[in-house]
Structures are given as C-alpha cells and as structure tokens.
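Nothing in this text is a laboratory measurement; each read-out follows from the coordinates by a stated rule. As the structure is a prediction and not an experimental result, all values here were calculated from the model. Cβ coordinates were reconstructed from backbone atoms using ideal geometry, including for glycine residues, and neighbour counts include every protein chain displayed.
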Amino acid sequence: MKRMDRRALFASGAAAALLAATGVQAQVLPRSGGRLRAALSGASRDDGWDLAPGGRFMLAAQHTVFEALTEVAADGSLRGALATGWQGADGGRVWGFDLRAGVRFHDGTPLRAQDVVASLADQVDGTVRAEGAGRVVVHLNHAQADLPYVLSGALIRPADPDARAQGVGTGLYRVQKFDAGRQFIGARVSDHYKNNRAGWFDTVEFVSIPAQEVRAEALRAGLVDAADVTSRDALADDRAFMHLPDAARCQQIVHRDIGVPAEIGTRHALDDLRMAERWWRV
C-alpha cells in the first residue's frame, strides 16, 4: 500500500477541521471575491434604514448592514456577535451583556454602550442602561429566560439619528448605494472581527422584483444568483439550481454558481437573512 506523505495528511486533516468548524460541505471551501445578486420581494418606496422593514428586500438589507448582540447559527446554537458574553440574574429578569471591544460603525465611530441602549429601548419590555463603555444591563418587567436568543433579531444602530437614517452599521457590508424600494448595493468592509470566517463577497446587490414569476425568470436568465421563489416547479432543474433549505420546504432558489454551507438556517428565508454573510461564489 502506498504511504501517504505526512505533510499531505496534516494538510488534509487541517482542511477537514476547518470544514467541520464552518459547516461547509467537504471539498467546497469558501473563497473571497465577486458579487452576490439577489431578486427579492416586499420592497416599498417608503423603506428606510431607521424604520421597521416590511418585506424581505429591506429585511435582508438591514441584516447585511447591521448586527445584533447575539446571533443564531444555522444549527440553532447561540453565539456572540456584538456581545462576547452575557449573564442572567434574578430569575431571568436581569441580563448583562459584555460588548465586543474595538467594534466601529462604518463611519469610523466606535460602538458605545449608549448605542446599544438607544437601539434596545423600544425592543425590550423593561429598561436598558449602560454600565461603563463596554457593558449594558437589561432590567425586564417580567422574567425572560430566552432573552439572548430573542435579541439575535434586535439590530443595533447608532444613537445618532442622522447616522441611523443613513444606514451606518457595524456589519460586514456598508451601504454603497440605496434606492428605496428598488435597489441596495453593499460593499465589504476591509477590517471586521469576522474576517476569514464570513463575508466572502466583495459586493452584494439586492433588487426589488415584486412578481415571483419575474424573479424566477431573472434567475433563469442569469440576471441574478438567488431569488425568494417558493415554488420549486418554477426552476426544477437540480443540475443548475439549489432549492433551499430543501425541495420540500423551498424558500429560495439559488444558482449553483453560489456556494452555501452544508447547513442552511430555516428560522427565516434567505439562510436566516444572512446569505450575504454566509454564502460565496464558487
């Protein structure tokens, strides 16, 4: 039997460890570069960065630009994002969150506890206060044992209203162009704490196409890479397209020129609205 070179064995083991850690299918490593183009529904000319989003277009854009204190991985596990740790007390009525050091908004302004307080003030049933520059404490009116999970959907924006309205966030992509109800283009930031773990595209572009059949046709014609199309019959060719999270629960259809993790989030469409962060161009 031919002996395997020890360096090759080590390299294959290291690669396997990386694949296991990132949840990527075997022999499909993410690579940086290119643009993700997606056709999405639910856009409105009233869409804005400081407003509650009404459809998938703005939901996806906001989750591309902004982050939360925590995030839920595709497998359902909870991990830190803008918070590196959290502690519950008083039977789940009090929660403390330790903020990640060194995080900056896209305009260069440091993330402060006051930004988190302002962002969460109307998203929790209770009060939020800062404890120094790097910690916030939430005092709830009623016990909530799952608050860290709930806050994975509470996006953190700057306290400054002008920066908030302009879509200044801390996410992997900053706003390059925004035409409300029509188009969003995000450009990858160069320095981010998730570097080498997420955010593989150079740019991402979301376009509004209200009709599902038109979104499907744009995908078939190669004008976009992904679309929120829920009918598998619209693009049934498995050789050209992936039906995510699977054929039976199709929430989006993606061209096979796009790489995706082995496990796809199913809490929301578009890989839990994190396609810009998790996917890559093959």
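Quick look at the numbers
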| quantity | calculated |
| --- | --- |
| Answer label for volume of the Cα convex hull per residue in Å³ (calculated), chosen among (1) 163; (2) 277; (3) 196 | (1) |
| Normalised contact order of segment 78-163, rounded percent, pairs of Cα under 8 Å and 6 or more residues apart | 30 |
| Cβ charges +1 (Lys, Arg) and -1 (Asp, Glu), total dipole of segment 180-239, debye | 220 |
| Extension reserve of the A52-R239 stretch, reckoned as 0.36 nm per residue once the Cα distance is removed | 63.5 nm |
| The chain, dipole about Cα centre (Lys/Arg Cβ +1, Asp/Glu Cβ -1), debye to the nearest 20 | 1080 |
| Least to most buried among F97, F178, F105 (fewest other Cβ within 10 Å first) | F178, F105, F97 |
| Dipole of segment 139-188, positive end: most advanced residue of G171, Q144, L155 [Cβ charges, Cα centre] | G171 |
| Added length on full extension, which subtracts the Cα-Cα distance from 0.36 nm per residue, N195 to D90 | 34.1 nm |
| Relative contact order (%) - criterion: Cα under 8 Å, at least six apart; region: the chain | 25 |
| Other-chain or far-sequence residues with amide H under 5 Å of R37's (modelled H) | E205, D225, A226 |
| Simple Cβ-charge dipole of segment 204-282, Lys/Arg +1 and Asp/Glu -1, about Cα centre, in debye nearest 20 | 80 |
| Neighbour-count ranking [beta-carbon atoms within 10 angstrom, fewest first] of S152, S190 | S190, S152 |
| Exposure proxy ranking, count of Cβ atoms within 10 Å, fewest first, for R157, R197 | R197, R157 |
| Per-pair calculated FRET efficiency, R0 = 22 Å: E263 and D202 via Cβ, rounded to 0.05 | 0.35 |
| Efficiency of FRET between A248 and A145 - r from beta-carbon atoms, R0 35 angstrom, step 0.05 | 0.60 |
